[in-house]
Amino acid sequence: MMIAARRISAWGLALMMVGGASSLSQITPRVTVSGRVIDDSTHIPVQNANVFIANTTFGCGTDQNGRFQIRNVPVGPCEIVTSRVGYTMRLMRMTLAESRKAEFEFELHATNVELSEVVVSAPDPVEWKRGAERFRKLFLGTTRNARECKILNPEVLDFKTDANGAFNASVREPLQIKNPGLGYHIEYYLTLFREEESVPTLVALSRGPVLMFEGQPQYTELKPSSPDDTVLWKENRHRAFNGSLRHFLISLFNRELEREGFIIRLSSGLSVSASDPRALLTVSEADILSEGPKSHEKMLKFKGFLEVEYFREPVEIGYDLLRKKGSDAQVSWIRLNYDAVTIDSRGLIKDWFPTTISGYWAWKRVADALPLDYDPDQE
């Protein structure tokens, strides 16, 4: 399976910085995001609205004047989400700049429900259960962490298979997910979920399923029931980040791939066999990376497929996707959907659906994702 990723933050992002890399909190400048939330028709302040930075633990509620303030937010691309019961969710995508005042006003639109015009059609319970199980495996994954994850409100999910045979999922409310393996509660505002069973690709295997999903998760730390929980969560979070796509991009940005345990190779196609006629060319950071428009950004550019091998850890037991023949290492493949993409010091890609990933990274999904403000040096 391949995953077309909107942002790498949508996939499993955990980190154990190997070799004494600098703390993430010391790399990127921080700003305070503040503002007000009002009703778009009455212009009355909306109190108790939830305002958060997607894919992070940063967030707060509005006061009686509709005001909010979120401190210590890294500059760079982000999604600011505002929600409240009785209103339509508001999403603002933007790039925070160190020199610009991060002050915003959000107008929320009240949800009008005409009960007399609503026709409720109950789904077939057997088909719905099949769809729910399929969604769970695709969305959360099949890793050890995924087996422990629980969707607390699956009843808000709806499924359909369209005329092209693609499996689609939608939600009527945000998904509430408990991840006891990593120690987080996740409120996930799912906006797109689609699995296309058979899609022509440029991969050597010629055809294969592609999964596309995006959304805005908000992370909240679970309260440990004992000191053992704290120790377990720290270990699992480190393991989840080790070798992940975000770990790779941070190491690439800092030009520390080998030090952090990565080897990269370029090829014209996705190759899983050592005897494939398309030669794999071992490359370095300088071959695919150049300076970006800002000091905390760089440009990633290459043609074909970039094979990424993480040699510090073997694959997790149960891994069942594309595997490099003769290798027990974590091997993934990445293909750019643009001529070049911009990455920043946090390991984020600015562009929309910038990459298609295969192999080990494609196996790690929401159950192995960590918030972007997770910093292993601060744990």
- Item | For 107, 196, 221, order by how many other beta-carbon atoms lie within 10 Å, fewest first | 221, 107, 196
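With a Förster radius of 51 Å, plug the Cβ-Cβ distance of residue 107 and residue 163 into 1/(1 + (r/R0)^6) and report the FRET value to the nearest 0.05. Display every interim value, and only then the final one.
Values: r = 37 Å, r/R0 = 0.73.
Rounded to the nearest 0.05, the efficiency is 0.85.
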- Distance in nm between residue 284 and residue 153 label points, each 7 Å along Cα→Cβ, equals 5.2 nm
- Message: Can you order the peptides 314-321, 334-341 by their average number of other Cβ atoms within 10 Å per residue, highest first?
- Response: 334-341, 314-321
- Kindly state, to the nearest 0.05, the FRET efficiency for residue 170 paired with residue 377, given R0 = 41 Å and r defined as their beta-carbon distance. 0.60
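Taking 45 Å as R0, compute the FRET efficiency from the Cβ-Cβ separation of residue 132 and residue 255 and round it to 0.05. Write out the running numbers ahead of the final one.
Values: r = 44 Å, r/R0 = 0.99.
Efficiency computed from Cβ-Cβ geometry: 0.50.
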- residue 215's amide H: which non-local residues (gap 5+, or another chain) put their own amide H closer than 5 Å, with H modeled 1.01 Å from N in plane and none for Pro or chain starts? 191
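Throughout, read-outs are computed from the coordinates displayed, never taken from laboratory work. None of these values were measured; they are calculated from a predicted model. Every residue, glycine among them, receives a Cβ derived from its backbone with ideal geometry; neighbour counts consider all protein chains shown.
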